[in-house]
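The values are calculated or read from the model by the stated rules, or taken from the named source; none is laboratory data. All figures in this text were calculated on a predicted structure; none of them were measured in a lab. Using ideal geometry, Cβ is built from the backbone for each residue, glycine included, and neighbour counts are taken over all protein chains shown. All accessible areas refer to the heavy atoms of the entire protein, side chains included, with ligands and DNA or RNA removed. Shrake-Rupley method; radii C 1.70, N 1.55, O 1.52, S 1.80 Å.
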Amino acid sequence: MSRKPETPLLDKVHVPADLRSLKPNQLKDVADELRAEMISAVSTTGGHFGSGLGVVELTVALHYVFNTPDDKLIWDVGHQCYPHKILTGRRDRIRTLRQGGGLSGFTKRSESEYDPFGAAHSSTSISAAIGMAVANRFAGKADKSIAVIGDGAMSAGMAYEAMNNAGEAGNRLVVILNDNDMSIAPPVGAMSAYLSRVLSSREYLSIRDIGRSIFKRLPKPLGDTARRAEEYARGLATGGTLFEEMGFYYIGPIDGHNMDHLLPVLENVRDAKEGPILVHVVTEKGRGHPFGKAAADKYHAVPKFDVVTGELKKSASNAPQYTKVFANALVQEAEKDERVVAISAAMPSGTGLDIFGKKFPDRSFDVALPNNMR
Ligand SMILES: Cc1ncc(C[n+]2csc(CCOP(=O)(O)OP(=O)(O)O)c2C)c(N)n1
């Protein structure tokens, strides 16, 4: 059993309203305690690890600035939601993850009013957020919908279908692009290369940018023609981004671990009269855990582990792993029949198809990470 960390501030936060009664300069300490609590919990239960550790500061900042649960916070996939669960009334059950009858490892509507959408499939969050934003428009409510989507999930088609329609949602829609330059394994492909280009061509917004001129990135109330001219000029000046071309106001990149940057940007975004807005936040998967950082793909999800040494504890069961049985059976089929091919969406090792990929590289397709299985 690992010893539980000391968390004096976090102990006062049962729901986000408690968080909002704290001073902004206390939030970094809350985040540090939240990270320690998450590491302690996952070491005893196993579970998704790297993604949650990367969004600890973002989770605190979002619940501090936005009025959840009235503002709807939607986590894409939902595998990064452990810090969110700890802050939204479920800390006392966080060590029941991966136990029968315990907390779900993903967001789940029946579990909490702070989980407006449950997924586990990737790339659905923006569509869901648009739907909720439009419903609020019909109901005459000003509440926001905030989708947090990773750079890996942003490479799937459904995210584009949603962005194509985002204009419908106006300023009620906020998309946070959580860019950690990782999917489950290192990402490959056009979207990843594009985001790297955006990042390398821009510096992080500085405190000065945020304080003085972030509103310049949002439009002033102009007539339509004038606005179009201004947008055109702005696109030329900044080089534009794909997101601007799709009708978003793009803000970023922002350091997703720095509260002094996150809070004022999110406050501006919350109060903006125009939208939809996309905030490009840069984070580090596995942040704050040496083992998480050393092998981010290995620490996407983990079994129980020793907090001090990082040693992963193997299950005592002698039963063969389902993925291995499946992979070996598929290889046998493929040896008999050359028409058998394997398709995976960024999960070669999670599905066992990495074994198939080593034997039959030309018959393996990873639709999220081209050639990754070869
Ligand atoms: C439709 C679908 N395809 C593939 C997956 C497997 N999967 C789980 S998380 C994920 C993406 C992880 O990358 P990212 O969105 O960048 O989030 P991160 O874990 O890096 O925070 C994928 C592809 C899935 N859950 N759903």
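Summary table
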| quantity | calculated |
| --- | --- |
| Helices (runs of 4 or more DSSP H) within the stretch 77-184 that include 2 or more residues within 26 Å of ALA41 (Cβ to Cβ) and not acidic (Asp, Glu) | 82-85 |
| Among residues of the stretch 81-135, those that are within 16 Å of the ligand (Cβ to nearest atom), closer than 30 Å to PHE305 by Cα and surrounded by fewer than 22 Cβ atoms within 10 Å (Cβ to Cβ), counted | 8 |
| Any hit, the stretch 10-32, residues being in a helix (DSSP H, G or I), touching a residue at least 60 places away in the same chain (Cβ under 8 Å), within 19 Å of the chain's Cα centre (by Cα) and farther than 24 Å from ASP260 by Cβ | no |
| Cross-chain or 6+ apart pairs with Cβ under 6 Å, the stretch 330-347 first and not assigned by TED's automatic domain parsing to the domain that holds SER123, then open to solvent by 70 Å² or more (accessible area, probe 1.4 Å) | VAL331/LYS359; VAL340/GLU333; ILE343/PHE365; ALA345/VAL367 |
| Cβ-Cβ under 7 Å pairs, at least 6 apart or on other chains, the stretch 124-138 side assigned by TED's automatic domain parsing to the domain that holds MET154, far side crowded, with 20+ Cβ neighbours inside 10 Å and polar (S, T, N, Q) | ALA129/SER145; MET132/SER145; ALA133/SER145 |
| Any chance ASP32 is open to solvent by 30 Å² or more (accessible area, probe 1.4 Å) and either closer than 21 Å to VAL308 by Cβ or within 16 Å of the ligand (Cβ to nearest atom) (or both) | yes |
| Looking only at the stretch 8-26, and only at residues there that are under 25 Å from GLU113 (Cα atoms) and touching an Asp or Glu at 6+ places or on another chain (Cβ under 8 Å), the one that is least open to solvent (accessible area, probe 1.4 Å) | LEU10 |
| The stretch 238-279: number of residues that are of a type outside the set (Gly, Ala, Ser) and closer than 20 Å to ALA159 by Cα | 15 |
| Pair list, Cβ under 6 Å, 6 or more apart: the stretch 151-172 residue on the phi > 0 side of the Ramachandran plot, other residue crowded, with 16+ Cβ neighbours inside 10 Å | GLY170/GLY275 |
| Residue match in the stretch 65-80 (condition: on the phi > 0 side of the Ramachandran plot, within 13 Å of the ligand (Cβ to nearest atom) and open to solvent by 10 Å² or more (accessible area, probe 1.4 Å)) | yes |
| Residue in the stretch 152-178 that is nearest to the ligand (Cβ to nearest atom), counting only those that are under 22 Å from VAL60 (Cα atoms) and open to solvent by less than 10 Å² (accessible area, probe 1.4 Å) | LEU177 |
